[in-house]
Amino acid sequence: MSKSSLITGVYGRQVWDSRGRPTVEAEVTLASGAMGRGVAPAGASTGRHEALELRDGGAAFGGFGVNQAVANVNDAIADVLAGADALTPDAVDRLLIERDGTENKSRLGANACIAVSMAAAHAAAAHEGVPLYALLAGGDASVIPLPEIQIFGGGAHAGRRIDIQDLMVVCPGAASFAEALAWTAEIYRVAGTVMAARGARAGVADEGGFWPAFASNEEALETLSQAIETAGYRPLEQVAIAVDIAASEFGADGRYALALEGRQIDRDEMVGLLMAWIDRYPILSLEDPLAEDDAEGFALLMARCGTRMQVVGDDLLVSDGARVRDAAARGLANTVLLKPNQRGTLMEVRQAWEAAQAVGMGGIVSARSGETEDVTIAHLAVGWGVPQFKVGSFSRSERMAKWNEVLRIAEALGPKARFAGGAALRQGGSSDQGGAS
Ligand code: PGA
Ligand code: ZN
């Protein structure tokens, strides 16, 4: 242990996120003078089993104030981390977990904890004089993730204009991260033109995707399919659709309320609807296709398409190692979404990824719908070797900052960089991979 990597200061302040809501920023300073910073993101369609985001409640800022969470950084957390060695980040995270002492970070707040956990990791990297991804990979970074990029927003991010929350593209045919971004830029542009030609271009949703002025979920899928082809790409082979149904938002107890159509369907009908969409549209990935409490529905869907389709657990798995192991054992999903603030420490989220790898599941590092200029997650994806990366759409700088950061990292890695490409989608979904079997 080098004495100069000991934490001498932890400071919290309130800053503002991409929805104009307060959020927590933390700075961690070491004896060497090295400093790191982290900003907590925030979800809108949060899973019931996520760690708790501490909000002040009351009238100010619609209850979204973070005065208590910021105070926790400056008092309890600054206290407990004083003198800890930033070069042993798991030990730092364990101090946060112990000081909190709850199952779900409800005492300190997952927003306070994750801001500090990220700041401490950045401070360690600054102390070592290396980028964070290099520190996390122990100098062995090489995997550049396949991006999953939103074209249309929906669900809770667009006033529930359509039921589906995210209509995204993935580019299994792209040869590099840079090429995947370039293809997506063309599709995003064409999709905007199509919406404008129909008189349906009405700005963007929370993550920068076009506002979904559609008459049905199917019209959204149809329009995205068209945009892919009009932009000149071969569907499925070069560019495919990934959807985040975020079904916990409109489903519970095995029933699903499709608001646009004004009808309720049961679990079997929901699986049937998803299978029909897979048949009709060039879809390769389904995130939260069933509600977080519908294990039976997930098992049903996985049995029908789990060998040829990526089935991603977000609300279902909430970046939790134990839930990942359980879901793998019961065949509920084949890929885990990794969102740092769902747990509150980087260590716990990395452990969820390790659990996923141990059972042969795929992984996607993901942003939240409420974001900032913080680009830590780009470093997590590369540093942990997670083969996919989801940040929202291809507009608004809180999104673009993260895509651009991966471009810089890929360039810095030079010939060592290995683009995960289309194989990333098959990691979870294919039957011929290694792992638990
Ligand atoms: P959220 O949405 O950040 O609002 O939860 C992102 C997602 O569901 O993947
Ligand atoms: Zn999701």
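Packing-based ranking of 247-258, 188-199 yields 247-258, 188-199, ordered from highest to lowest mean Cβ neighbour count within 10 Å. Structural descriptor for the range 334-437: relative contact order 31 percent, calculated from alpha carbon pairs under 8 angstrom and at least 6 residues apart.
A simple rule links phi to the HN-Hα coupling: the Karplus curve 6.51 cos²θ - 1.76 cosθ + 1.60 with θ = phi - 60°, which for the range 49-63 gives 9, 5, 4, 7, 8, 7, 10, 6, x, x, 7, 5, 6, x, x Hz, with x for Gly and Pro. Computed over the range 3-129, relative contact order equals 36 percent, with contacts defined as Cα pairs under 8 Å that lie 6+ residues apart.
Descending by average beta-carbon neighbour count within 10 Å, the peptides 403-410, 24-31, 274-281 line up as 24-31, 403-410, 274-281, the highest first. Taking amide H atoms as placed 1.01 Å from N in the peptide plane, the amide H of ILE144 lies under 5 Å from those of ARG418, PHE419, ALA420, each 5 or more residues away in sequence or on another chain. The gain in end-to-end length when the ALA401 to SER216 segment is fully stretched comes to 63.4 nm, 0.36 nm per residue minus the alpha carbon separation.
Estimated at 0.36 nm per residue, the fully extended path between GLN68 and ASP293 surpasses their Cα-Cα distance by 77.9 nm. Multiplying the residue separation of ASP56 and ARG304 by 0.36 nm and removing their Cα-Cα distance gives an extension gain of 84.8 nm. The Kirkwood hydrodynamic radius of the range 143-427, based on inverse pair distances between different Cα atoms, is 18.6 Å. Shape analysis of the range 3-129 yields a ratio of the Cα radius of gyration to the Kirkwood radius, Rg/Rh, of 0.98. Spacing of the modelled spin labels on ALA259 and ARG408, each 7 Å from Cα toward Cβ, amounts to 3.8 nm. Each peptide among 94-104, 210-220 gets the average number of other Cβ atoms lying within 10 Å of its residues, and from highest to lowest they stand as 210-220, 94-104. Using the 1.4 Å probe convention, the accessible area of the chain works out to 36 Å² per residue with neighbouring protein chains retained. Summed over qualifying helices (DSSP H, 4 residues or more, each -39500 (n - 2.57)) and divided by its residue number, the chain shows a 222 nm mean residue ellipticity of -11500 deg cm²/dmol. The fraction of accessible area contributed by carbon and sulfur in the chain is 49 percent, rounded to a whole number (1.4 Å probe; ligands and nucleic acids excluded).
Two tests apply to each whole DSSP H helix in the chain, Cα reach of 24 Å or more along its axis and mean Kyte-Doolittle hydropathy of at least -1.0, and the ones passing both are 110-128, 177-197.
Label-to-label distance, GLN14 versus ASP90, with points set 7 angstrom from Cα along the beta-carbon direction: 3.7 nm. The label-point distance for ALA82 and ASP326, in a model that sets each label 7 Å from Cα toward Cβ, rounds to 3.9 nm.
The values are calculated or read from the model by the stated rules, or taken from the named source; none is laboratory data. Computed from a predicted model, the values in this text were never measured in an experiment. Every residue, glycine as well, gets a Cβ built from its backbone with ideal geometry; the counts of neighbours run over all protein chains shown. These area figures cover heavy atoms from the full protein model, side chains too; ligands, DNA and RNA do not enter into them. Shrake-Rupley method; radii C 1.70, N 1.55, O 1.52, S 1.80 Å.
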